[in-house]
1. Considering only residues that are surrounded by fewer than 19 Cβ atoms within 10 Å (Cβ to Cβ) and not in a loop (DSSP other than H, G, I, E, B), which ones fall in the range 46-75?
2. How about the range 76-95: which of its residues are among the hydrophobic types (A, V, I, L, M, F, W, C), out of contact with any Phe, Trp or Tyr (no Cβ under 6 Å at 6 or more places or on another chain), modelled with pLDDT under 95 and surrounded by 14 or more Cβ atoms within 10 Å (Cβ to Cβ)?
3. Mind checking which residues of the range 1-17 are out of contact with any strand residue (DSSP E or B) (no Cβ under 9 Å at 6 or more places or on another chain), at pLDDT 90 or above and either in a helix (DSSP H, G or I) or small (Gly, Ala, Ser) (or both)?
4. Does at least one position in the range 49-64 carry a residue that is at pLDDT 90 or above and either farther than 20 Å from Ile23 by Cβ or of a type in the set (Phe, Trp, Tyr) (or both)?
5. Consider only pairs whose beta carbons are under 6 Å apart and that are at least six residues apart or on different chains; among these, list those whose first residue lies in the range 30-46 and is under 17 Å from Lys90 (Cα atoms) and whose second residue is polar (S, T, N, Q).
6. Could you grab me the full set of residues in the range 24-45 that are modelled with pLDDT of 90 or more, surrounded by 13 or more Cβ atoms within 10 Å (Cβ to Cβ), more than 13 Å from Gln13 (Cβ to Cβ) and not hydroxyl-bearing (Ser, Thr, Tyr)?
7. How about the range 72-89: which of its residues are over 12 Å from Thr124 (Cβ atoms) and of a type in the set (D, E, K, R)?
8. Out of the residues in the range 56-91 meeting the condition of being β-branched (Val, Ile, Thr) and free of Cβ contacts under 8 Å to residues at least 40 places away in the same chain, tell me which one is nearest to Trp128 (Cα to Cα).
Amino acid sequence: MSNGATTESRITQLARNPYSLGIVVRYLSRIEPFSKFEFGPSVSSLMHQINDGTHLIVETNDKLTGYVGWVRTSIDIAEGWMDNTGPLNKVVSGEAIVVTIFHAEDSAMIMRMIRAAKQLEPDTPVYWKRFFDGARPPTPRSVKLNRDRQA
């Protein structure tokens, strides 16, 4: 069924202001598992990601349809967080990033979002935990760089 309208998606960042925070909170609050997360820590994370420029959104026909946000930290902190032996703390000049929030309504946008984020954070190891609906526990994931190849 086609009505002649085109679907156009773009990946960009939000402006650093409270209105942007409201847009993302409204979007994620309707999506599980984000709708079940604690309010304070979730909003704090989003606020820091928007203010630090460590996020990207997908906008499709003037509507938010995807979000990825991350924290810059040290490799030691990231690995401790991955194996649940330490908290995740921001390190402004850290050499690793941890993706804490990621959602895309269109699965075709996932790789585009990842490529765009890699352009903002080149040559940086990435860590994340994948959460699932239901009782399945989070699955830790990481993409580490071969340090010998970085010379």
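1. Kept after step one, since they are surrounded by fewer than 19 Cβ atoms within 10 Å (Cβ to Cβ), are these residues of the range 46-75: 47-48, 51-53, 59-65, 72, 74-75.
Residues satisfying the conditions are Met47, His48, Asn51, Asp52, Glu59, Thr60, Lys63, Leu64, Thr65, Arg72, Ile75.
2. Taking the range 76-95 first, the residues among the hydrophobic types (A, V, I, L, M, F, W, C) are 77-78, 81-82, 88, 91-92.
In the following step, the residues that additionally are out of contact with any Phe, Trp or Tyr (no Cβ under 6 Å at 6 or more places or on another chain) were identified as 77, 81, 91-92.
Imposing the further condition that a residue be modelled with pLDDT under 95 reduces the set to 81, 92.
Of everything in the range 76-95, just one residue is among the hydrophobic types (A, V, I, L, M, F, W, C), out of contact with any Phe, Trp or Tyr (no Cβ under 6 Å at 6 or more places or on another chain), modelled with pLDDT under 95 and surrounded by 14 or more Cβ atoms within 10 Å (Cβ to Cβ), namely Trp81.
3. Within the range 1-17, just Ala15 meets the criteria.
4. Scanning the range 49-64 turns up no residue that is at pLDDT 90 or above and either farther than 20 Å from Ile23 by Cβ or of a type in the set (Phe, Trp, Tyr) (or both).
5. Sorted first by the residue in the range 30-46, then by its partner, the pairs are Ser45/Thr100.
6. The answer is Val25, Leu28.
7. Step one: filter the range 72-89 for residues over 12 Å from Thr124 (Cβ atoms), giving 76-77, 79-89.
Those that are over 12 Å from Thr124 (Cβ atoms) and of a type in the set (D, E, K, R): Asp76, Glu79, Asp83.
8. Applying the first criterion (β-branched (Val, Ile, Thr)) to the range 56-91 yields 57-58, 60, 65, 68, 71, 73, 75, 77, 85, 91.
Now narrow it down to the ones that are free of Cβ contacts under 8 Å to residues at least 40 places away in the same chain: 71, 73, 77, 85, 91.
Details: Val71: 10, Thr73: 12, Ile77: 12, Thr85: 15, Val91: 16 Å.
In this case the residue turns out to be Val71.
The values are calculated or read from the model by the stated rules, or taken from the named source; none is laboratory data. Not measured: the values here are computed from a predicted model. A quick note on method: Cβ atoms are made from the backbone with ideal geometry, for glycine too, and the neighbour counts reach across all protein chains shown.
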